[in-house]
1. Could you list, in their original order, any pairs among 129/152; 127/292; 15/92; 129/292; 32/152 whose Cα atoms are separated by more than 23 Å?
2. Under the Karplus relation 6.51 cos²θ - 1.76 cosθ + 1.60, θ = phi - 60°, what is the ordered set of whole-Hz ³J(HN,Hα) values for the range 253-268, x standing for Gly and Pro?
3. According to a simple spin-label model (label point 7 Å from Cα along Cα-to-Cβ), what is the distance in nm between residue 300 and residue 205?
4. Kirkwood Rh and Cα-based Rg: tell me the resulting Rg over Rh for the chain, rounded to two decimals.
5. Using modelled amide H (1.01 Å from N, peptide plane; none on Pro or chain starts), what sits under 5 Å from the amide H of residue 161, excluding residues fewer than 5 places away?
6. Would you list, by chain and number, the lysines whose Cα falls below 26 Å from the Cα of residue 203, excluding same-chain residues fewer than 8 positions away?
7. Note the angle between two axes, namely the Cα long axis of helix 42-57 and the longest principal axis of the Cα atoms of the chain, as a number of degrees from 0 to 90, rounded to the nearest 10.
8. When the Debye formula is applied to the Cα atoms of the range 131-298, each taken as the same point scatterer, what base-10 log of I(q)/I(0) results at q = 0.16, 0.17 Å⁻¹?
Amino acid sequence: MHNNLFFGIDVGNTKLAFGIARGDEREFLEKKVVPTEPHLGPEQAVNKILNQGRVMLAGKQSCLGGIGIAFGGFVDVNRAVALASPNFPGLKNIPLVEIVRELAPGVSVRMDNDANVAGVGESLYGKGKDHHHIIYLTISTGIGGAVLFGGKPLAGSQGLAAEFGHMIVKPRGPRCTCGSRGCLEAIASGTSIARMARNVAAKSDSLITKLAGRREAITAAHVFMAARRGDVVAQNIIDEVAYYLGIGLANIISGWDPDIVVLGGGVMNSSDLLLPPAISVVKEHLEVRDAKVPPIEASDIHDDVALWGAVALARGNIG
Ligand SMILES: [Zn+2]
């Protein structure tokens with residue numbers, strides 16, 4: 001049968017993921033993940049995308065119904081150009097849709113930022129699927145977000161809507177990768193949690209450093225691991241992160257009145273430590289005016305959510 005294969009590409013700062021799915025099936029026929037290696041420059045990442053695409057699509061072009069790209073950064077309003085990614089130095093104004101089009105001439109190629117795309121994946125295949133007004137927040141290297149009404153992500157006038165990572169939660173707070181200060185991303189992203197821990201580790205003999213081996217090797221995962229073993233320094237960092245995440249969530253909920261807030265991304269592997277205190281902060285701020293606090297839940301498909309969203313984009317499930 002013609003045109004019943006769909007190719008999704010998830011361009012993240014850490015990994016490039018590729019998946020082919022048939023029709024409206026919920027399983028990948030073929031999936032591949034390779035490291036992005038942003039320090040080697042954008043050109044090599046683009047080459048990897050093209051090479052991997054050629055390998056996976058070899059002989060399948062005539063059955064291809066569409067290609068969808070989830071890009072981990074800012075995407076222009078026409079969703080054709082990858083503008084920049086704060087965590088991918090040197091990447092600027094890359095016409096990624098045009099570039100990927102050469103994999104299968106004549107086939108439609110669509111792109112959106114990975115948080116919007118992951119939000120769609122979540123609304124179609126995850127915890128958002130029985131809800132209409134959905135807020136999706138992804139917390140990994142950076143923080144991204146999506147606002148979905150009836151499965152459609154809000155784009156905004158420049159395509160930059162729902163950049164919740166750059167919402168100011170701590171005026172004059174730590175410097176963010178975007179150049180501003182006190183953004184949610186500058187406090188609650190995996191990168192920021194690790195940075196906070198490295199700063200504290202210089203002054204204490206916390207278990208975090210022991211788990212990491214050396215101070216420079218500390219990641220957010222070490223902080224959560226140490227907290228699980230009762231380390232007070234790690235717990236203090238998590239309390240601080242949860243507080244500002246809660247402030248951010250309270251602001252988002254006040255602005256959008258969603259049915260549900262779903263959180264994905266690598267940091268949510270420790271949602272059991274981070275979410276309950278953050279939800280307490282949300283309640284503390286919203287329940288004073290009798291506002292109903294919607295369910296705030298960790299995604300259970302977050303490993304592949306952006307890739308599934310990219311497939312949904314390829315299928316034309318997204319307006
Ligand atoms: Zn920022």
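1. The answer is 32/152.
2. Residue by residue, the range 253-268 yields 5, 4, x, 10, 6, x, 6, 7, 10, 10, 10, x, x, x, 4, 6 Hz.
3. 4.4 nm
4. Numbers: Rg = 19.7 Å, Rh = 20.0 Å.
Ratio of gyration radius to Kirkwood radius: 0.98.
5. Excluding prolines and chain starts, which carry no amide H, the hits are 156.
6. In chain and number order, the partners are 170.
7. 50 degrees
8. For the range 131-298 at q = 0.16, 0.17 Å⁻¹, log10 I(q)/I(0) is -0.90, -1.00.
Rule-based calculations on the coordinates, nothing more; no lab input. From a predicted model like this one, the values you see are computed outputs, not experimental measurements. Every residue, glycine as well, gets a Cβ built from its backbone with ideal geometry; the counts of neighbours run over all protein chains shown.
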